[in-house]
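Asks: First the structure, then my questions, so here it is.
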Amino acid sequence: MKRVMLMLLFVAVFVFSGFATVHAAGKVLHIYDAFDTEEAKYYIDAFEKETGIDVVWVRMSSGEVLARVEAEASNPQATVWHAGSNTSHINAASKGLLAPYKPKTDFELGGVLHAKDWAWTGFYSGAIGFVSNTNFLNKQGAQAPASWDDLLNPAFAKNVAMAYPYTSGTAYTTYATLIQMWGLEKTLDWWEKFDKQSIHQYTKSGTGCIPMVGLGEVAVGISFSHDILAKGVNKGYPVMMTFPKEGTGYEIGGLSLIKGGPEPELGKQFIDWCFTEKAQNLFQKYNRLPVNPKATVAKGSVTLDQVKLIDYDHIWAGENKDKMVKAWRDRIGK
């Protein structure tokens with residue numbers, strides 16, 4: 001009996017909502033992560049090694065994290081929401097699902113990088129771009145898309161892939177960009193043609209289209225520039241990246257503390273760590289643009305000042321996400 005009691009003192013068992021693991025007694029932090037699995041593990045492993053804190057995490061697209069956090073509002077199962085476009089974090093904040101926290105940093109976070117009440121903070125950025133298979137372009141004698149309407153080129157008929165706007169922050173940023181450029185009705189009219197003429201497949205995650213393009217399964221994909229570089233160009237796939245000449249939108253990668261999460265102090269420690277120079281330098285591997293001015297931007301990365309950006313309103317996009325997604329699903333029927 002004594003042995004059993006001692007075991008209970010030194011072992012904590014966590015089984016809930018996708019988390020199922022056994023940890024030695026100590027500090028354990030639960031995270032919902034919107035980075036792709038390989039990338040999430042890269043950052044979390046670094047945090048665990050540096051701090052000695054164990055992390056139990058579940059990987060989901062940002063839309064899925066939002067749905068999970070909302071469903072668990074009365075009994076939160078994770079403490080930190082790590083990554084994903086800030087529009088989803090903004091939407092969660094508008095529903096009272098996040099706990100305001102101002103990170104401890106040695107630099108000033110500009111207004112675009114945080115909520116007024118610090119319900120979310122931004123810790124990286126990147127612009128929406130197009131990824132095209134160069135073998136396809138050469139074979140077809142086609143040009144890589146350089147405008148939104150180029151995606152309607154008959155050469156790309158049923159040969160474009162991207163994510164669903166309701167599961168992916170990448171795709172929702174694309175959709176919200178077009179709405180802010182053209183208005184909702186014109187965007188839906190355009191998207192109806194785009195869906196019928198050009199879309200081969202919608203994926204769950206915003207990066208899902210990149211290997212499809214690289215492998216020649218489709219000709220073109222829409223994703224963030226840092227993901228196109230890290231998961232396409234740098235992997236050696238025959239791909240190239242272009243941006244729409246009319247302008248494009250961009251993401252602020254979000255980070256937030258989930259209201260009522262089980263380990264708020266550990267969550268704050270993780271958020272603080274994410275803004276350190278050491279942590280921000282890890283973004284070089286995945287070509288993300290750091291917000292810490294002391295961090296190094298990876299060679300070949302496309303910085304926001306190199307791209308024609310629209311005056312993208314992240315707050316509007318986040319607060320109106322539910323309504324805009326419903327309009328898309330009502331019209332497109334997906």
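Asks: Round to the nearest 10 and give me the degree value, 0 to 90, for the angle of helix 169-182's Cα axis relative to the longest principal axis of the chain.
Replies: Long axis of 169-182 versus the principal axis of the chain: about 50 degrees.
Asks: So for region 200-283, Kirkwood radius off the Cα pairs, Stokes-Einstein at 4 °C and 1.567 mPa s: how many µm² s⁻¹? It would help to have the intermediate numbers written out before the result.
Replies: Numbers: Rh = 15.6 Å.
It diffuses with D of about 83 µm²/s by this estimate.
Asks: Return one number: the angle in degrees, 0 to 90 and rounded to the nearest 10, between the long axis of the Cα atoms of helix 184-197 and the longest principal axis of the Cα atoms of the chain.
Replies: Taking Cα atoms only, the helix is inclined about 80 degrees.
Asks: What is the order of 59, 329, fewest Cβ neighbours within 10 Å to most?
Replies: Numbers: 59 21, 329 13.
Ordered from fewest to most neighbouring Cβ atoms within 10 Å, 59, 329 come out as 329, 59.
Asks: Taking square-rooted eigenvalues a ≥ b ≥ c of the alpha carbon gyration tensor, is region 48-108 rounded, prolate or oblate, where a/c under 1.5 means rounded and, failing that, a/b exceeding b/c means prolate? Kindly include the intermediate steps, with their values, before the conclusion.
Replies: Values: a/c = 1.78, a/b = 1.25, b/c = 1.42.
It is oblate, given that a/c is not under 1.5 and a/b is not larger than b/c.
Asks: Give me log10 I(q)/I(0) at q = 0.07 Å⁻¹ for the chain, Debye formula, one equal scatterer per alpha-carbon, no solvent.
Replies: -0.29
Asks: Considering the Cα positions of region 85-180, please state its Rg to one decimal place and its Dmax as a whole number of Å.
Replies: When restricted to Cα atoms, region 85-180 yields Rg and Dmax of 18.4, 53 Å.
Asks: Round to the nearest 10 and give me the degree value, 0 to 90, for the angle of helix 321-332's Cα axis relative to the longest principal axis of the chain.
Replies: Compared with the principal axis, the helix lies near 40 degrees.
Asks: Still on this structure, I have one more. Order these peptides, 258-268, 145-155, by their mean beta-carbon neighbour count within 10 angstrom, highest first.
Replies: Details: 258-268: 19.1, 145-155: 17.3.
Result, highest mean Cβ count within 10 Å first: 258-268, 145-155.
Asks: Which one of 60, 181, 162 has the biggest mean-square fluctuation once the chain is modelled by GNM with Cα springs under 10 Å?
Replies: 181
Taken together, the values in this text are just the output of simple stated rules run on the coordinates, not laboratory data. Computed from a predicted structure; not experimentally measured. As a convention, Cβ positions derive from the backbone with ideal geometry for all residues, glycine included, and neighbour counts pool all protein chains shown.
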